[in-house]
1. If you scan the range 37-56, which residues turn out to be in a loop (DSSP other than H, G, I, E, B), over 25 Å from the mean Cα position of the chain (by Cα) and surrounded by 12 or more Cβ atoms within 10 Å (Cβ to Cβ)?
2. Just need a number here: residues in the range 93-104 that are buried (at least 18 other Cβ atoms within 10 Å of the Cβ) and either under 21 Å from L31 (Cα atoms) or more than 12 Å from the chain's Cα centre (by Cα) (or both).
3. Does E60 qualify as being under 15 Å from G30 (Cβ atoms), in contact (Cβ under 8 Å) with a residue 12 or more places away in the chain, assigned by TED's automatic domain parsing to the domain that holds G30 and not hydroxyl-bearing (S, T, Y)?
4. (1) within 20 Å of I6 (Cα to Cα); (2) in contact (Cβ under 8 Å) with a residue 40 or more places away in the chain; (3) buried (at least 17 other Cβ atoms within 10 Å of the Cβ): which one isn't true of V78, the others all being true?
5. Considering only the range 83-102, state which residues are closer than 19 Å to K68 by Cα and at pLDDT 90 or above.
6. Do we find a residue being in contact with an Asp or Glu (Cβ under 6 Å, 6 or more places away or on another chain), touching a residue at least 24 places away in the same chain (Cβ under 8 Å) and crowded, with 16+ Cβ neighbours inside 10 Å anywhere in the range 1-18?
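The values are calculated or read from the model by the stated rules, or taken from the named source; none is laboratory data. Since we're looking at a predicted model, the values are computed, not measured. Cβ: placed from backbone, ideal geometry, glycine included. Neighbour counts: every protein chain shown.
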Amino acid sequence: MTLQAIDHVQAAMPAGEEDKARAFYSDLLGLPEQPKPAELAKRGGCWFESEAVKVHLGVETPFTPARKAHIAFRVDDVSGLATKARAAGYQVVEDEDLPGFERVYIYDPFGNRLEFLKPATRGAAPRLTQEQRQFVGILVGAVSGGVEHWAKRRPDLAASEFATVDDDWGVEITQSRRQFLVNLLHEAADGDFADELQTIVGWPPAYARDLRMKLL
């Protein structure tokens, strides 16, 4: 006997919440809903299936969301999906503890944790827009001006090469600059002094998260 493939995965959901499941798994993730066989349809729940991915939602009573055990999906645009999920009101948690991958966790409307990942690309850094350069300039200026939590970590970078942000940032971002910015944007979005930076910089943490994902 040889295992050939995973036919489908199943997650649990509360009774009577099929419309919420459709909004997430079909509308957000793009999986078409497939009708359940008549006998199984009596039990509630939904099936969402494409050629490559099959996710079945089954009713569980009493219901407890899977906050640790999870399904992991390969996707082609982690950042874009995370942005759409936040805009739709779903909980999104970034994670960078898996070397070589860009990934996030998104919680479905029932609290089940789902992982979305793609291999990280380390080619040429993307060109920043004028608005993004402005944001980086204000952020770096705040750091070099004395946000102690970060300045104590890398005072050399905060006070030198990152103290001035000009058009060069939009043309070429060196690897050292990119790594510094990724770390700095993480602090601005989710770090210990995110609230302090938001007060100083005046931009929402979500903007820092989205720009950080672009640079990964």
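1. Within the range 37-56, the subset in a loop (DSSP other than H, G, I, E, B) is 37, 42-45, 50-53.
From what's left, over 25 Å from the mean Cα position of the chain (by Cα): 37, 42-45.
G44, G45 - these are the residues of the range 37-56 that are in a loop (DSSP other than H, G, I, E, B), over 25 Å from the mean Cα position of the chain (by Cα) and surrounded by 12 or more Cβ atoms within 10 Å (Cβ to Cβ).
2. Number satisfying all stated conditions: 2.
3. no
4. Among (1) within 20 Å of I6 (Cα to Cα); (2) in contact (Cβ under 8 Å) with a residue 40 or more places away in the chain; (3) buried (at least 17 other Cβ atoms within 10 Å of the Cβ), V78 violates only (1).
5. Y90, Q91, V92, V93
6. If we filter the range 1-18 for residues that are in contact with an Asp or Glu (Cβ under 6 Å, 6 or more places away or on another chain), which is where we start, we get 12.
From the residues that got through so far, the ones that are touching a residue at least 24 places away in the same chain (Cβ under 8 Å) too are 12.
With crowded, with 16+ Cβ neighbours inside 10 Å added as a condition, the list becomes 12.
Yes: one or more hits.
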